[in-house]
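Chemist: Sharing a structure below in structure tokens format, with a few things to ask.
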Amino acid sequence: MEEIDRLRDDILREIGEVASPEALEAIRVAALGRRGRLTELMRGLGTLAPEARREAGAALNTAKDDIAAALAEATGRLGRAARAERLAGERADVTLPVLTGETGRIHPISQTIDEIVAIFGEMGFLVAEGPHIEEDFYNFTALNIPPEHPARQEHDTFYLPPRTDGSRLVMRTHISPVQIRKMLAQKPPLRISVPGRTFRADHDATHSPMFHQVEGLVIDRTTHMGHLKGCLIEFCRAFFDLEDLPVRFRPSYFPFTEPSAEVDIGCSRQGGELKIGPGGDWLEILGSGMVHPQVLRNCGIDPGEYQGFAFGMGIERVAMLKYGIPDLRTFYESDLRWLRHYGFLPLDIPSPVSGPLQGTQGTTAGGAA
């Protein structure tokens, strides 16, 4: 028994002093391998008397268990030490200056949002925000959208799992719920612009399941359709930096406005190239209208005393038109080459007066329509 105890203590001491995984493996093989010291002793048990064999076998099993536990502990210790050494060698000092030769770029979506907000800000519009996940009331009911409307169907809208009462929250399909929340929370007059993300079940070269919109809302006692037209004409000409940009309003229908109008801007398609400006052709870019009286009532506002207008546009769409980006999907592919081409330098601050800024790609949008 003393020989077994002495062998066990020697092996445990070697394991405790080991400094590398390779040395640890050598100790394991020398102790427990096919020709290991402990293995040889176990093979000699057959030559012992029954009583001695029983005692020696128990001692050898105990020694084997102790050595196996020590090996496992040493494996973990060496692994932790190796990992710590590797992490120390890979540590990055975030206080060091950025490497020269690689300048960060502002994404065209962020730049376009800043430009739109700046233009409407000059007109007195304040920025408002709201949640991405909405109640059915804010997203549909309060906006005069009936239960049978196609926009409520699951092939067009992302719903969350039903709650205990059977109702379901919805990923907002437009920015209009923010207008409802604002009208419920604040008495007129109101003048807000609302940029943000929206979600619809659609995906192709001109549609994305997540995209950005900006909407505007004006509510007071005197606002009329002429104010709506003047506001949007000035916005279109400032955004595209074209003083003679033709703008027209076509009658349309939206459940939440009456009367409603689509807004078109002038363009040319000569030679297969789309160019914004005078040219004898038209391109639709946004929807608008006077706020429906029922929507005002749904928000606790007396339509006999107040009226107003609202409008909305897709931010990706106007960005594609202004900067000549042909495919909507490239906005979200995280391609640095694309961002270097279409992105903006940090000092390209949006101007509400001059329209296109230094570093933009011009107003030609070949194929973006």
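The values are calculated or read from the model by the stated rules, or taken from the named source; none is laboratory data. Predicted model, so just to flag it, every value in this text is computed and none were measured. Using ideal geometry, Cβ is built from the backbone for each residue, glycine included, and neighbour counts are taken over all protein chains shown. Protein only, heavy atoms only, side chains kept; ligands, DNA and RNA dropped before computing areas. Shrake-Rupley method; radii C 1.70, N 1.55, O 1.52, S 1.80 Å.
Chemist: Identify all residues within segment 37-61 that are touching a residue at least 24 places away in the same chain (Cβ under 8 Å) and open to solvent by less than 70 Å² (accessible area, probe 1.4 Å); write none if there are none. Lay out the reasoning, then the answer.
Modeler: Of all residues in segment 37-61, those touching a residue at least 24 places away in the same chain (Cβ under 8 Å) come to 37-38, 41, 55-56, 59-60.
Passing the criteria: L38, L41, A56, A59, L60.
Chemist: Now a separate question. What single numbered condition from (1) in contact with a Ser or Thr (Cβ under 7 Å, 6 or more places away or on another chain); (2) modelled with pLDDT of 95 or more; (3) open to solvent by 40 Å² or more (accessible area, probe 1.4 Å) fails to hold for R200?
Modeler: R200 satisfies every listed condition except (2).
Chemist: I've got another one for you. Determine whether R34 is under 20 Å from A58 (Cα atoms) and either open to solvent by 90 Å² or more (accessible area, probe 1.4 Å) or without any contact (Cβ under 8 Å) to a residue 24 or more places away in the chain (or both).
Modeler: Yes.
Every residue, every condition in (1) farther than 24 Å from H292 by Cβ; (2) not in a helix (DSSP H, G or I), yes or no:
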site	(1), (2)
G130	no, yes
F137	no, no
P147	no, yes
A151	no, no
P161	yes, yes
T164	yes, yes
S193	no, yes
T198	no, yes
G216	no, yes
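Chemist: Then there is this: Could you tell me whether any residue of segment 242-254 is surrounded by fewer than 18 Cβ atoms within 10 Å (Cβ to Cβ), part of a strand (DSSP E or B) and within 32 Å of the chain's Cα centre (by Cα)?
Modeler: Scanning segment 242-254, I find at least one residue that is surrounded by fewer than 18 Cβ atoms within 10 Å (Cβ to Cβ), part of a strand (DSSP E or B) and within 32 Å of the chain's Cα centre (by Cα), so the answer is yes.
Chemist: Also, quick follow-up: As an exercise: evaluate E258 against (1) under 22 Å from L321 (Cα atoms); (2) part of a strand (DSSP E or B) and give the number of the one condition it does not meet.
Modeler: (1)
Chemist: Could you tell me whether segment 89-111 includes any residue that is at pLDDT 80 or above, loosely packed, with under 13 Cβ neighbours inside 10 Å and closer than 30 Å to L24 by Cα?
Modeler: Going through segment 89-111, the residues at pLDDT 80 or above turn out to be 89, 95, 104-111.
Cutting the leftovers down to loosely packed, with under 13 Cβ neighbours inside 10 Å gives us 89, 95, 104.
Still in the list and also closer than 30 Å to L24 by Cα: 89.
Checked against the condition, which is being at pLDDT 80 or above, loosely packed, with under 13 Cβ neighbours inside 10 Å and closer than 30 Å to L24 by Cα, segment 89-111 yields at least one hit.
Chemist: Hey, another quick one. Give all pairs with beta carbons closer than 6 Å in which a residue from segment 5-29 that is under 10 Å from A74 (Cβ atoms) and open to solvent by less than 50 Å² (accessible area, probe 1.4 Å) meets a residue that is among the aliphatic types (A, V, I, L, M) and assigned to a loop (DSSP other than H, G, I, E, B); count only pairs at least 6 apart in sequence or on separate chains.
Modeler: Listed by first residue and then by second, the contacts come to L24/V18.
Chemist: Contact list please: Cβ distance under 8 Å, first residue in segment 292-315 and without any contact (Cβ under 8 Å) to a residue 12 or more places away in the chain, second residue open to solvent by less than 10 Å² (accessible area, probe 1.4 Å), pairs at least six apart or on different chains.
Modeler: Qualifying pairs under 8 Å: D302/L296; P303/L296.
Chemist: Go through the residues of segment 288-299 one by one and say whether even a single one is more than 29 Å from L184 (Cβ to Cβ) and basic (K, R). Walk me through it before giving the result.
Modeler: First pass over segment 288-299, keeping only residues more than 29 Å from L184 (Cβ to Cβ): none.
Looking through segment 288-299, none of the residues is more than 29 Å from L184 (Cβ to Cβ) and basic (K, R).
Chemist: Still on this structure: Are any of the residues in segment 150-173 open to solvent by less than 50 Å² (accessible area, probe 1.4 Å) and in contact (Cβ under 8 Å) with a residue 60 or more places away in the chain?
Modeler: no
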